[in-house]
Amino acid sequence: MATSEEIGAVRRVRLLATGGTISMRGEHAAPALGGGDLVAEIPQLAAFGGLAVEDLLELPSAQITLGQALDVARRAVAAAVAGDGVVISIGTDALEELAMLCGLLHGAEAPIVLTGANRTAQAPGADGPANLLDAVAVAGAARAAGLGATVVFGGEVHAASTVRKVDSTGPTAFGSPLTGPIGRVVGGRLWLAAIPRRVPPLTPVSLDHRVQIVTAALGDDGALLRAAAGVADGLVVVAFGAGHLTPGMLEALRDAARRLPVVVTVRPERGAMLRATYGFEGSERDLRASGAVCAPFLSAPAARIALLCCLGAGLDRDGVAAVLAPWDA
Ligand code: ASP
């Protein structure tokens, strides 16, 4: 078994367990294993010395509330501020959202690493133990200093703001379609090809605002966007292609953006938004002139988390635009 020096581990690691498939067992897969149980199943973790373990939740990630997510992220940040490398084990369904949240709240040097599993703990070829071992290796690694929040899954390291769940059931559940992984974990050692950009940390007092996602679709008359704008504190509008909407949706977007913070992203997973290539009604020029904030390099769920954090931090439209500026070209 490799020693901590051979692995390059330099800091204590704290596991925050929240449930998810990595912890699930039984005929109808339900959370059954706490953080201590997960650790006990991986003898190789002994190389990292004593892991601190906290059981925060025991839920499928689809049942985690925004308040619980904020609590988990705050605890992770507090542990990182205290110098611990942090691993969060979580269900893969909503892992992207918690990763983005941690990335936005986290300004400390010690890394926060999220992981999980697509196969239950008792399934043949369960991926949880390998993912957890890799995540702990990254959380403890000297090279991970200043890395921010990342996702470690299937031997790859992904930046929190670009990672997406790309496979519902397979062991390579996560990818970064826009940029590719930023690194690999090989034999317990971290290799990095890139260091993700970090933004000044936000400190939302809550994530209690209502932010709805409305996606463009062929022939959409804008009715859903109008209805969402009537009940929401903020909107994420997912435009076609390089930032385009149907005429009906454009009109609804203009009305909404006069009243609420609206963030525009795009449908392609390798999305980007043009500025002045097209001139038809509903083209990127119209969207950019609507008053909406454009963040095409964020997925819709990540953009929603970012807007929730901005609203929870009391930012107005210009404040939202400043926070999201790194996600536009
Ligand atoms: N399929 C999910 C998982 O991988 C269930 C969940 O998100 O909790 O954990």
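The values are calculated or read from the model by the stated rules, or taken from the named source; none is laboratory data. Quantities reported herein were computed from a predicted structural model and do not represent experimental measurements. Every residue, glycine as well, gets a Cβ built from its backbone with ideal geometry; the counts of neighbours run over all protein chains shown.
Only one entry of Leu70, Leu101, Leu105, Leu57 meets the criterion of being within 23 Å of Ala300 (Cβ to Cβ) and either of a type in the set (Lys, Arg) or within 16 Å of the ligand (Cβ to nearest atom) (or both), and that entry is Leu101.
Out of Gly279, Gly291, one residue alone is more than 25 Å from the chain's Cα centre (by Cα), farther than 17 Å from Asp316 by Cβ and not hydrophobic (A, V, I, L, M, F, W, C). It is Gly279.
At negative phi, among the aliphatic types (A, V, I, L, M) and more than 16 Å from the ligand (Cβ to nearest atom): does that describe Ile42? Answer is yes for this residue.
Of all the numbered requirements in (1) within 16 Å of the ligand (Cβ to nearest atom); (2) over 24 Å from the mean Cα position of the chain (by Cα); (3) without any contact (Cβ under 8 Å) to a residue 60 or more places away in the chain, Gly35 misses one, and that requirement is (2). Close contacts from region 76-98, counting a first residue that is in contact (Cβ under 8 Å) with a residue 12 or more places away in the chain and part of a helix (DSSP H, G or I) and a second that is near the ligand (Cβ under 9 Å from one of its atoms) and not aliphatic (A, V, I, L, M), with Cβ to Cβ under 8 Å and a gap of 6+ residues or different chains, come to Leu95/Gly20; Leu95/Ser61; Leu95/Gly116; Leu95/Lys165; Glu96/Lys165; Leu98/Ser61.
Every listed requirement among (1) more than 17 Å from the chain's Cα centre (by Cα); (2) closer than 18 Å to Leu51 by Cβ; (3) of a type outside the set (S, T, N, Q) is met by Ala145 save one, (2).
Residues that are within 20 Å of Asp127 (Cβ to Cβ), out of contact with any helix residue (DSSP H, G or I) (no Cβ under 7 Å at 6 or more places or on another chain) and modelled with pLDDT of 95 or more occur at least once in region 62-77. Where in region 112-223 are there strands (runs of 3 or more DSSP E), lying fully within it, with 3 or more residues that are β-branched (Val, Ile, Thr), touching a residue at least 24 places away in the same chain (Cβ under 8 Å) and buried (at least 20 other Cβ atoms within 10 Å of the Cβ)? The qualifying strands (runs of 3 or more DSSP E) are 112-115, 149-153. The single condition from (1) modelled with pLDDT of 95 or more; (2) closer than 28 Å to Gly187 by Cβ; (3) more than 15 Å from the ligand (Cβ to nearest atom); (4) part of a helix (DSSP H, G or I) that Glu5 fails is (1). Does region 265-275 contain at least one residue that is farther than 28 Å from Gly175 by Cβ and in contact with a helix residue (DSSP H, G or I) (Cβ under 7 Å, 6 or more places away or on another chain)? No.
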